[in-house]
Amino acid sequence: MIKPPSSSPYRVTGRNLGLELARVTEAAAIASSRWTGRGKKNEADGAAVQAMRAAFDTVNIDGIVTIGEGEMDEAPMLYIGERVGTGGHPMDIAVDPLEGTNLCARSLPNAITVVALAERGHFLHAPDIYMEKIAVGPGLPEGVVDIDDSIQNNLRNLARAKKRDITDLTLCALDRDRHAEMVAKALEVGARVRLLSDGDVAAVVAACLPESGVDLYAGSGGAPEGVLAAAAVRCLQGQMQGRLLFENESQITRTTQMGEGKDPTRKLSLTDMADGPVFFCATGVTSGDMLKGVEFLDNGYIRTHSVMMRSESGTVRYMDAYHLFDTAP
């Protein structure tokens, strides 16, 4: 068996790190699921943050949150720059304790809890701003889609690469007014369109999963979610590009400071967003395309459904777990 290099977190922390991350996302999912359908998204998010932070206190890493719940003075826990873990290999952490707070509050599909890890310095550092994104799945020619090309050309090129008609392709995007022109042009060339109210991490991942029925993700959403999605796309060997979108000069200045002087307006490759060995883990809160939601069973157990991914091995594992109600996180 080929041994991973000595600098790899897999050598330092062991393959069980994936299971440790699952415990983190499970804890957040169970905590937030108690608020499912109650119409209180802030309470659901707060419960997820607290549970995820407590779970990280048991993980054997020296972690720094690079993608979190905001700046230190904006978020009580899991803020950008916060250190988590019990010590060990230095790693960057990207988190979304509850992606789809509205989905959870309204008991709609695809609310998930998400964590991604990379070696120190290998995640894009960006504030909580918007990012333009485009993503497709594995097994396609490099550069088959391009964020600078029109949606019509991207769909034509993708159809040609997949040896399918455009009418067989499905574009996924967030249901936002800013995407109306893109959606109209996609429909004009015959593609199907799937619009989501929230949750673009799960949507980007869906573009990499053949069973999802999604061929292409495009549009703008949160930059933190973009980094998390890029980690999953790395593990799934798909393709993704991004570009940060700025509303004012202060956002550009802040991003430049976080990016160590690199051009903040540049087109971002997949490895610009998530490089090196990467872990990705998510647990379902409400059932959706990728994961089943948390279930409270009559026999006193809570059931969770999670996915764990590693970029080095390309392994994707789905896990059903049963937690005793009285001892669940």
Problem set entry | Checklist (1) within 20 Å of D177 (Cβ to Cβ); (2) of a type outside the set (S, T, N, Q); (3) assigned to a helix (DSSP H, G or I); (4) free of Cβ contacts under 8 Å to residues at least 40 places away in the same chain applied to E225, failing item | (4)
Seminar exercise, completed: Log entry, pairs with first residue in region 293-305 being at positive phi, second being surrounded by fewer than 13 Cβ atoms within 10 Å (Cβ to Cβ) and aliphatic (A, V, I, L, M), beta carbons closer than 9 Å, six or more apart or on different chains, reads G300/L324
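Strands (runs of 3 or more DSSP E) wholly in region 60-179 with at least 2 residues that are among the acidic types (D, E) and in contact (Cβ under 8 Å) with a residue 24 or more places away in the chain - which ones?
Numbers: elements: 61-67, 89-99, 112-119, 130-136, 170-174.
Because the criterion is at least 2 residues that are among the acidic types (D, E) and in contact (Cβ under 8 Å) with a residue 24 or more places away in the chain, the strands (runs of 3 or more DSSP E) in region 60-179 that meet it are 89-99.
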Exercise. Residues of region 86-122 being crowded, with 22+ Cβ neighbours inside 10 Å and either among the small types (G, A, S) or assigned by TED's automatic domain parsing to the domain that holds E225 (or both), which ones?
Worked result: A94, G100, A105, A111, A116, A118
Exercise. Quick check: is even one residue across region 51-58 in contact with a Cys (Cβ under 9 Å, 6 or more places away or on another chain) and either surrounded by fewer than 23 Cβ atoms within 10 Å (Cβ to Cβ) or touching a residue at least 40 places away in the same chain (Cβ under 8 Å) (or both)?
Worked result: no
Problem set entry | Which listed residue, of A191, A173, A186, is modelled with pLDDT of 95 or more, crowded, with 18+ Cβ neighbours inside 10 Å, in contact with a Gly (Cβ under 8 Å, 6 or more places away or on another chain) and assigned by TED's automatic domain parsing to the domain that holds G143 | A173
Exercise. When the residues of region 29-45 are filtered to those that are over 19 Å from the mean Cα position of the chain (by Cα) and free of Cβ contacts under 8 Å to residues at least 60 places away in the same chain, which remaining residue is nearest to T101 (Cα to Cα)?
Worked result: N42
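The values are calculated or read from the model by the stated rules, or taken from the named source; none is laboratory data. All values derive from a computational prediction rather than experimental measurement. We place every Cβ from the backbone using ideal geometry, glycine too, and count neighbours over all the protein chains shown.
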